[in-house]
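Read the structure below first, then the notes.
The values are calculated or read from the model by the stated rules, or taken from the named source; none is laboratory data. Note that the coordinates shown come from a computational prediction; the quantities given were computed from them, not determined experimentally. Cβ atoms come from the backbone with ideal geometry, glycine included; neighbour counts cover every protein chain shown. All accessible areas refer to the heavy atoms of the entire protein, side chains included, with ligands and DNA or RNA removed. Shrake-Rupley method; radii C 1.70, N 1.55, O 1.52, S 1.80 Å.
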Amino acid sequence: MHPKLEKVLSETAARNPGEPEFLQALTEVMESLDPIIERHPEYADYGLLERLTEPERQIIFRVPWVNDRGEVMVNRGYRVEFNSALGPYKGGLRFHKSVNRNIIKFLGFEQIFKNALTNQGIGGGKGGSDFDPHGKSDNEVMLFCQSFMTELYRHIGERTDVPAGDIGVGGREIGYLFGQYKRLTGVHEAGVLTGKGLGWGGSLVRTEATGYGQVMFAQFMAEDRGESLEGRTCAVSGSGNVAIYAIEKAQQMGAKPVTCSDSNGWVYDPEGIDLDLLKEIKEVKRGRVRDYAAARPSAEYHDSGNVWVVPVDVALPAATQNEVSADDARELLKNGVKIVAEGANMPCVPEAIELFQEAKCAYAPGKAANAGGVGVSALEMQQNASRDKWSFEYTEGKLRDMMKSIHDDCLETAEEYGKPGDYVYGANITGFRRVADAMLAHGVV
C-alpha cells in the first residue's frame, strides 16, 4: 500500500477505536487506491485523504417517546453528514436495534462513493436510530418518528441533506417523518425526503429501485461474460424491500430465485419463490418468512444456517452487512456460483470477496450494484424540483441506463488502472476520483 494511504488508514484506526465496520469499509477503499495515488500524487496532498475519512458533521441526539402503555422510552438518533463535495448529503435512515455510530459511519462512508457512481450530484450521508419498529403499533411508530424529526429537522433540507429510507424505514415511517417536518417548518418542502408516497411527491420505481438495480447490474455482469440471467437459479437473502424487488426483477428476466430470509430463519423453495405470497406476508401482514413456508407446500423453513448452502448460479445478498462469511463463499463456489452482486451494504466479509475473485467468480460490491436506490432517489428530487411526474416505464429506463453506466464505468476504470474485470477497484477508483476532483476544486474546506 502507498505510504500515504497506510498512514491515513493507521491514523484513522487510532482515532476511531471500537468501530470495526467503519474501518472495514475504509480499508476496502484505501486498498484500492494505490494505482490512482501513484499516477496522480496530488490526491495525496492538501489533506484530501484525511478530510475524506473524517465526517463533515456528526449529530447524535436523544429521542424520547411514549409507548402505548404510557411508558416513556428513550432511543438514540444519529445523522452523519460525511461529504458534500458533489452535492447535498444523501443517504437513508435505518431504524434497527443494531444501529450505533460505527454502523452509521460505515454506511455514510460507503454512501460517498455509491452516490458519486450515480453521477447525480449528491454527497454522502447516513442516519438512523436503535429504535426497532418491529412489533410496535402504528401509533408508537408515529410518536417515535415525530420525536426523531423534532431534532433532525434542524439539520436537513432539499439543498442541505436529503434522507431516505433504509432497514426499518419504509413508506409508513417516511410519511410520519415528512408530516412532522412539515408541521415544524410550515413548509411543504417535497425534496427534503425521498421514498415518499406517490400522492405527495414520491416517484414511481423508487420502491423497486434498489432490488431492480441490483439484478440489472447482475445481468450486465452476465452479458459481459457472453451470458444471461435467463434460466439461472438465484439465492437471495433477506425479505425486505431490496430482496422482494430483486426477486421480482430476477423473475422478470427469466431467472428462478429460490430463497429468502429474515432474522429468525430462512426459506428454500425449489419451485421458485411465490412473489405474491411473499409480498402479502411481508408488506401487508408484516409477518415472518416462516409464515411463507407454512402457507407454501413446496417451501422448507430452517431456523438455523443460511441461504448460501443452496446450489445456485447467482448469489444476491440483500439483507445486511457481513452476512456472507468465508465459509459461505466456499460453499457457494463449491456449488457452482458464477455471479455475486450485492444488494445490501457490505454483506460480504473481505475474506469472502478474496475467495470469489480468486475463483474468477464475477463479484460486484454494493456501492456499485445497489446504487439504483439512491439513484432513483435523486431522480425523485429532480421531479420534485421541476414539479414533474414521470411514468414507470420512463423512470425504469432511466434506472437501467444508470446501472449500465455504473457497470461500464467500473470496468473501464479497472482496465485503465491495470485491474481488468475487477469491479471493486473500478467502483472505488471511479467514485474516489469524482469526489477527490471536487474536493480539490473547492480548496481546503
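Got a number for residues in the range 411-445 being within 26 Å of Asp45 (Cβ to Cβ) and open to solvent by less than 20 Å² (accessible area, probe 1.4 Å)?
Result for the range 411-445: 15.
In the range 33-53, which residues are under 15 Å from Met1 (Cβ atoms) and touching a Gly at 6+ places or on another chain (Cβ under 9 Å)?
Pro35
When you check Ser237 against the structure, is it closer than 15 Å to Glu342 by Cα and out of contact with any Lys or Arg (no Cβ under 6 Å at 6 or more places or on another chain), yes or no?
So Ser237 fits the description; yes.
Just to confirm my filter: which strands (runs of 3 or more DSSP E) fall fully inside the range 279-391 and include at least 1 residues that are crowded, with 21+ Cβ neighbours inside 10 Å?
314-316, 339-341, 362-364
Taking Val162 and the conditions (1) of a type in the set (Val, Ile, Thr); (2) in contact with a Ser or Thr (Cβ under 8 Å, 6 or more places away or on another chain); (3) open to solvent by 10 Å² or more (accessible area, probe 1.4 Å), which numbered condition does it fall short on, given that it satisfies the others?
Of the numbered conditions (1) of a type in the set (Val, Ile, Thr); (2) in contact with a Ser or Thr (Cβ under 8 Å, 6 or more places away or on another chain); (3) open to solvent by 10 Å² or more (accessible area, probe 1.4 Å), the odd one out for Val162 is (3).
List, please: which pairs have Cβ atoms under 9 Å, are six or more places apart or on different chains, and start with a residue in the range 78-89 that is not assigned by the TED database to the domain that holds Tyr153 and end with one that is surrounded by 24 or more Cβ atoms within 10 Å (Cβ to Cβ)?
Qualifying pairs under 9 Å: none.
Output the residues belonging to the range 67-100 that are surrounded by fewer than 23 Cβ atoms within 10 Å (Cβ to Cβ), of a type in the set (Lys, Arg) and in contact with a Lys or Arg (Cβ under 9 Å, 6 or more places away or on another chain).
Arg76
Tell me the residue from Ile60, Ile37 that is surrounded by fewer than 23 Cβ atoms within 10 Å (Cβ to Cβ), of a type in the set (A, V, I, L, M) and touching a His at 6+ places or on another chain (Cβ under 9 Å), please.
Exactly one residue qualifies, and that residue is Ile37.
For the range 179-201, does any single residue satisfy the condition of being under 24 Å from His134 (Cα atoms), modelled with pLDDT of 95 or more, aromatic (Phe, Trp, Tyr) and not assigned by the TED database to the domain that holds Ala299?
For the range 179-201, residues under 24 Å from His134 (Cα atoms), modelled with pLDDT of 95 or more, aromatic (Phe, Trp, Tyr) and not assigned by the TED database to the domain that holds Ala299: present.
If you go through the range 331-339 one residue at a time, do you hit one that is basic (Lys, Arg) and either touching a Ser or Thr at 6+ places or on another chain (Cβ under 7 Å) or under 27 Å from Leu23 (Cβ atoms) (or both)?
No, that holds for no residue.
In the range 177-203, what residues are basic (Lys, Arg) and open to solvent by less than 20 Å² (accessible area, probe 1.4 Å)?
Lys196 - this is the single residue of the range 177-203 that is basic (Lys, Arg) and open to solvent by less than 20 Å² (accessible area, probe 1.4 Å).
Condition check ((1) open to solvent by 40 Å² or more (accessible area, probe 1.4 Å); (2) of a type in the set (D, E, K, R); (3) in contact with a Pro (Cβ under 6 Å, 6 or more places away or on another chain); (4) part of a helix (DSSP H, G or I)) across all residues:
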position: Val205; (1), (2), (3), (4): no, no, no, no
position: Thr210; (1), (2), (3), (4): no, no, no, yes
position: Gly213; (1), (2), (3), (4): no, no, no, yes
position: Phe217; (1), (2), (3), (4): no, no, no, yes
position: Phe220; (1), (2), (3), (4): no, no, no, yes
position: Leu229; (1), (2), (3), (4): no, no, no, no
position: Cys234; (1), (2), (3), (4): no, no, yes, no
position: Ala243; (1), (2), (3), (4): no, no, no, yes
position: Lys249; (1), (2), (3), (4): no, yes, no, yes
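Restricting attention to the range 251-271, which residues are open to solvent by 20 Å² or more (accessible area, probe 1.4 Å) and of a type outside the set (A, V, I, L, M)?
Once the filter is applied, which keeps residues that are open to solvent by 20 Å² or more (accessible area, probe 1.4 Å) and of a type outside the set (A, V, I, L, M), the range 251-271 yields Gln251, Gln252, Gly254, Lys256, Asp262, Ser263, Asn264, Tyr268, Pro270, Glu271.
For the range 207-228, state whether one or more residues are more than 30 Å from Arg387 (Cβ to Cβ), assigned by the TED database to the domain that holds Asn322, among the basic types (Lys, Arg) and at pLDDT 95 or above.
Within the range 207-228 (the criterion being more than 30 Å from Arg387 (Cβ to Cβ), assigned by the TED database to the domain that holds Asn322, among the basic types (Lys, Arg) and at pLDDT 95 or above), the answer is yes, since at least one residue qualifies.
Is it the case that Met142 is in contact (Cβ under 8 Å) with a residue 12 or more places away in the chain, more than 27 Å from Cys410 (Cα to Cα) and in contact with a Leu (Cβ under 9 Å, 6 or more places away or on another chain)?
no
Among the residues that make up the range 141-150, is at least one of them touching a strand residue (DSSP E or B) at 6+ places or on another chain (Cβ under 6 Å) and open to solvent by 20 Å² or more (accessible area, probe 1.4 Å)?
Within the range 141-150, one or more residues are touching a strand residue (DSSP E or B) at 6+ places or on another chain (Cβ under 6 Å) and open to solvent by 20 Å² or more (accessible area, probe 1.4 Å).
Pairs, please: C-beta under 9 Å, at least 6 apart or cross-chain, first residue surrounded by fewer than 24 Cβ atoms within 10 Å (Cβ to Cβ) and in the range 114-137, second among the aromatic types (Phe, Trp, Tyr)?
What qualifies is Asp130/Tyr78; Asp130/Phe95; Asp132/Phe95; Pro133/Phe95; Pro133/Phe144; Lys136/Phe144.
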